[in-house]
1. Take the range 461-497 and flag every residue that is among the charged types (D, E, K, R), touching a strand residue (DSSP E or B) at 6+ places or on another chain (Cβ under 9 Å), more than 24 Å from P441 (Cβ to Cβ) and surrounded by fewer than 17 Cβ atoms within 10 Å (Cβ to Cβ).
2. Provide a single number: the residues in the range 87-114 that are buried (at least 24 other Cβ atoms within 10 Å of the Cβ), touching a residue at least 24 places away in the same chain (Cβ under 8 Å) and part of a loop (DSSP other than H, G, I, E, B).
3. Can you tell me how many residues in the range 209-242 are within 20 Å of I255 (Cα to Cα) and of a type in the set (F, W, Y)?
4. Please specify each residue of the range 361-375 satisfying the condition of being hydroxyl-bearing (S, T, Y) and under 14 Å from the mean Cα position of the chain (by Cα).
5. Exactly one of (1) part of a helix (DSSP H, G or I); (2) without any contact (Cβ under 8 Å) to a residue 40 or more places away in the chain is unmet by W260. Its number?
6. Mind checking which residues of the range 60-84 are over 27 Å from A368 (Cα atoms) and in a helix (DSSP H, G or I)?
7. Looking at A385, A389, A379 in this structure, which one is touching a residue at least 24 places away in the same chain (Cβ under 8 Å), out of contact with any Gly (no Cβ under 9 Å at 6 or more places or on another chain) and either outside any helix (DSSP H, G or I) or acidic (D, E) (or both)?
Amino acid sequence: MSVSTLDLRVLSLIFFAFLGGVNAGERPNILVILTDDMGFSDLGCFGGEIETPNLDSLAAGGLRFTEFYNTARCWPTRATLLSGRYSDGLSRQQVTIPEVLRKAGYETGMVGKWHLGKNPKEDGPVQRGFDQFYGTMAGANSYWDPESLTRNTEAIEPEGEDSYYTDTIGAEAAQQIEAFAKSEKPFFQYVAFTAGHWPLHAPEATIQKYLERYQGGWGKLRAERYARMIKMGIINKEQWPLPAPEKRVQDWETIDHKEWRVRNQAIYAAMVDHMDQAVGKIVAQLKKTGQFENTLIVYAHDNGACAEHLSGNAWNTANLVLEKAKKDGETVAVGDVYDVPMGGPLTFGSVGHNWASAQNTPMRRYKANVYNGGACTPAIMHWPAGMKAKRGSISSGRGHVVDLMATCGELADARYPENFEGRTIAPHESQSLIPIIEGGPGDRNHAYLFNHSNTHAVVKGDFKIVREGKGDWALYNLAKERTEITDLAEKSPEIVEELAELWEARWGSQKKLEMGVGCS
């Protein structure tokens with residue numbers, strides 16, 4: 001079931017070296033936009049009520065995926081996206097997309113969340129192929145006073161008390177594009193928003209815009225989103241039956257502190273709203289500089305909606321905020337502090353599992369779990385000059401963030417290296433998504449593998465196996481039921497065995513992982 005390292009090296013060369021028809025003068029710019037801890041149905045173009053006109057416009061002029069996978073967690077998704085290998089980090093045996101594309105004549109830049117190293121002088125974006133970087137090294141930050149803010153390799157301070165990190169990401173990305181446009185080289189840009197990751201921070205005026213929308217609670221919101229998705233043709237009742245609520249979800253009618261909880265979801269919506277506004281700034285700059293038509297824009301999420309509740313120092317992410325507040329004689333409300341409205345600089349809260357269940361409509365589970373609520377999120381691709389798929393359509397194709405290496409390499413006419421700067425490079429595990437951009441279904445028989453936080457899965461063909469903890473594999477027919485309700489493992493043990501062998505071949509031993517053994 002598995003293929004050898006040599007086989008994968010041959011595949012790597014085939015992906016990148018014998019492309020045919022790619023003219024260096026016509027190579028597109030590539031812009032990858034990644035958002036953080038967002039649910040399956042948050043965007044307007046995927047059935048959400050949050051105002052996202054800029055992303056909706058890209059969807060209307062491009063292609064939407066309803067089956068686009070990630071690793072179910074922040075940093076593994078980022079490492080996997082950039083390296084084309086399933087990974088929890090960037091090792092010396094990996095090469096990144098910007099490193100590969102820079103060798104092929106691309107300029108490269110990044111704005112936003114890195115989360116793949118702590119020292120910008122040693123393991124930051126500049127050391128992994130980016131010519132320019134503005135953003136944060138850490139995984140979670142105050143949006144009003146972001147920790148580990150960095151320009152290239154130097155620590156910097158926020159612009160001012162009123163600066164809001166999401167807005168700044170959009171402005172900095174637009175400035176990078178303005179600089180790229182002065183060169184004759186194509187560019188690769190990676191914009192990694194922290195929105196909508198906790199802490200819940202947003203400008204008050206935008207929060208107020210959403211307060212009335214969530215008065216009915218998470219159950220009502222989930223039902224409304226599900227009905228809207230069906231009406232829009234994003235899903236259908238037959239293939240996407242709505243699962244029962246997660247066991248932890250509480251009854252809105254009997255729960256306390258309703259107004260506090262409503263405000264939290266309104267803040268989350270405001271955070272997504274500002275992310276979309278930032279995307280609008282980026283698109284406007286592409287148009288202003290004449291780059292829009294020949295730029296492939298790829299939008300995706302790093303994982304599904306987040307069910308986490310905070311306390312203490314929020315896993316060491318609130319330390320700087322707590323220290324500064326203590327010096328000023330102030331306190332910070334961390335977590336579920338019901339008598340303090342969230343959203344300001346002296347708060348550090350999250351939406352938690354109840355609202356996350358509605359954000360993930362109609363999927364099961366949450367972030368950090370490889371059921372589809374954690375590992376399958378929407379994606380948008382937009383490329384006026386090169387996309388042959390019908391504009392505004394919903395693709396039947398399947399993709400994964402791991403596939404961006406092969407996709408970018410093909411578009412850039414770049415070769416994936418066996419050696420890079422004196423290091424032996426492990427083969428990538430990526431397949432090109434160009435056939436889907438050209439209007440086809442892609443290769444649905446290609447296996448995708450998942451291994452995070454003691455949850456495991458394999459997707460191949462019509463089927464997906466999932467295992468939580470030390471439990472047995474469950475089997476789902478995704479062609480008939482995308483929401484993973486009916487377990488077919490007892491009826492089809494031979495399918496379970498076939499897919500489980502693929503998982504064992506990749507993840508069954510650390511030695512195989514280090515050697516780069518992959519899947520067919």
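1. Pass one, the range 461-497, residues among the charged types (D, E, K, R): 462, 464, 467-468, 470, 472, 480-482, 484, 487, 490-491, 494, 497.
Checking the rest, the ones that are also touching a strand residue (DSSP E or B) at 6+ places or on another chain (Cβ under 9 Å) come to 462, 464, 467-468, 482, 484, 487, 490-491.
When the remaining residues are screened for being more than 24 Å from P441 (Cβ to Cβ), the result is 467-468, 487, 490-491.
The answer is D487, E490, K491.
2. 4
3. 2
4. Applying the first criterion (hydroxyl-bearing (S, T, Y)) to the range 361-375 yields 361, 366, 371.
Scanning the range 361-375 gives a single hit, Y366.
5. (2)
6. Selection gives A60 alone.
7. Working: A389 fails: out of contact with any Gly (no Cβ under 9 Å at 6 or more places or on another chain); A379 fails: out of contact with any Gly (no Cβ under 9 Å at 6 or more places or on another chain).
Criteria check complete, one pass: A385.
Residues checked against (1) loosely packed, with under 14 Cβ neighbours inside 10 Å; (2) out of contact with any Lys or Arg (no Cβ under 9 Å at 6 or more places or on another chain):
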site: P125; (1), (2): no, yes
site: F133; (1), (2): no, no
site: P158; (1), (2): no, yes
site: T166; (1), (2): no, yes
site: S183; (1), (2): yes, yes
site: F188; (1), (2): no, no
site: F193; (1), (2): no, no
site: G196; (1), (2): no, yes
site: L221; (1), (2): no, no
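The values are calculated or read from the model by the stated rules, or taken from the named source; none is laboratory data. Since we're looking at a predicted model, the values are computed, not measured. We place every Cβ from the backbone using ideal geometry, glycine too, and count neighbours over all the protein chains shown.
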